[in-house]
1. Looking for whichever is under 25 Å from Ala143 (Cβ atoms), out of contact with any Phe, Trp or Tyr (no Cβ under 9 Å at 6 or more places or on another chain) and at pLDDT 95 or above here; the options are Arg43, Arg60, Arg47. Which one fits?
2. Could you check segment 76-93 and list, in sequence order, the residues that are aliphatic (A, V, I, L, M) and in contact with an Asp or Glu (Cβ under 8 Å, 6 or more places away or on another chain)?
3. Among the residues of segment 13-31, are any modelled with pLDDT of 95 or more, more than 21 Å from Thr135 (Cα to Cα) and crowded, with 21+ Cβ neighbours inside 10 Å?
4. Which one is farthest from the chain's Cα centre (by Cα), of the residues in segment 70-112 that are aliphatic (A, V, I, L, M) and under 22 Å from Tyr131 (Cβ atoms)?
5. Checking the structure you have, find out if any residue of segment 105-117 is surrounded by fewer than 18 Cβ atoms within 10 Å (Cβ to Cβ), in contact with a Pro (Cβ under 7 Å, 6 or more places away or on another chain), of a type in the set (A, V, I, L, M, F, W, C) and in contact (Cβ under 8 Å) with a residue 40 or more places away in the chain.
6. Mind listing just one residue for me: the one in segment 89-99 that is modelled with pLDDT of 95 or more and either out of contact with any strand residue (DSSP E or B) (no Cβ under 9 Å at 6 or more places or on another chain) or over 16 Å from Leu112 (Cα atoms) (or both) and, of those, surrounded by the fewest Cβ atoms within 10 Å (Cβ to Cβ)?
7. Out of (1) out of contact with any Pro (no Cβ under 9 Å at 6 or more places or on another chain); (2) of a type outside the set (Val, Ile, Thr); (3) more than 22 Å from Thr36 (Cβ to Cβ), the odd one out for Ala99 is which?
8. Is one or more of the residues making up segment 50-60 hydrophobic (A, V, I, L, M, F, W, C) and out of contact with any Asp or Glu (no Cβ under 8 Å at 6 or more places or on another chain)?
Amino acid sequence: MKMNWNKWVSTLAVAGALLTFAGTASAHVTVWPKETKADSYERYTVRVPVEKDSNTVKVRLEFPAGVKVGTVLPVPGWTYEWEKDADGRFKAITWTATAGGIKPHEFMEFGLSAKNPGEPGTLTWNAYQTYADGTVVEWTGAAGSDTPAPTVAVKEGTQAADDHADANKAEGNHEAGHAAAPAAQDSSSSSGSTLPLVLSGLALLVSVISLFRKKA
């Protein structure tokens, strides 16, 4: 009986560690979708969670080279300011809270529309998250680091299939807000962030079933 109890405690400990890891991994600043097509128009969503016991009051995002950002989705309670390079291209944007900002255990999403570069590759979006206590978290690290920069993979697209979609997205870039885009985007991003939790739950269930079979 003592051995079975020890196995039960060990199983719970492993499951708890998996769930904790999944929660931590999903708390990074990310840009969605995680995959897009070259030379196409895309509606990007910047997801900003709060990891500290302090409100997030400012978010700065630097745009990857070759990405031409055209419009921004207004967010109630926030203002935004563009930064341009010497050629007049938008190179960064800073969102600043006008009210309380993003509270602990909350997240917020900011929307942008842009034209992708013509070649496949990886887009790196450096982000800077400022908290009310003055702390600034720089999401500029390599993949696997404590503060990885958000990245998006750019895949080769078939021109024939993309022409119609590009035309629709280009037209949509001139409409304030992209009203219909957030629902579809949120569906894909939510499934990506919840997958680790589902896998952890299944691992726990298998472990419990195995334990009770041995006990029987």
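The values are calculated or read from the model by the stated rules, or taken from the named source; none is laboratory data. Here the structure is a predicted model, which means the values were calculated and not measured. Neighbour counts run over all protein chains shown; Cβ positions are idealised from the backbone, glycine included.
1. Among Arg43, Arg60, Arg47, only Arg43 is under 25 Å from Ala143 (Cβ atoms), out of contact with any Phe, Trp or Tyr (no Cβ under 9 Å at 6 or more places or on another chain) and at pLDDT 95 or above.
2. If the condition is that a residue be aliphatic (A, V, I, L, M) and in contact with an Asp or Glu (Cβ under 8 Å, 6 or more places away or on another chain), then Ala92, Ile93 are the ones that fit.
3. Yes.
4. That would be Ala99.
5. There is at least one residue in segment 105-117 that is surrounded by fewer than 18 Cβ atoms within 10 Å (Cβ to Cβ), in contact with a Pro (Cβ under 7 Å, 6 or more places away or on another chain), of a type in the set (A, V, I, L, M, F, W, C) and in contact (Cβ under 8 Å) with a residue 40 or more places away in the chain.
6. Thr98
7. Among (1) out of contact with any Pro (no Cβ under 9 Å at 6 or more places or on another chain); (2) of a type outside the set (Val, Ile, Thr); (3) more than 22 Å from Thr36 (Cβ to Cβ), the lone unmet condition for Ala99 is (1).
8. yes
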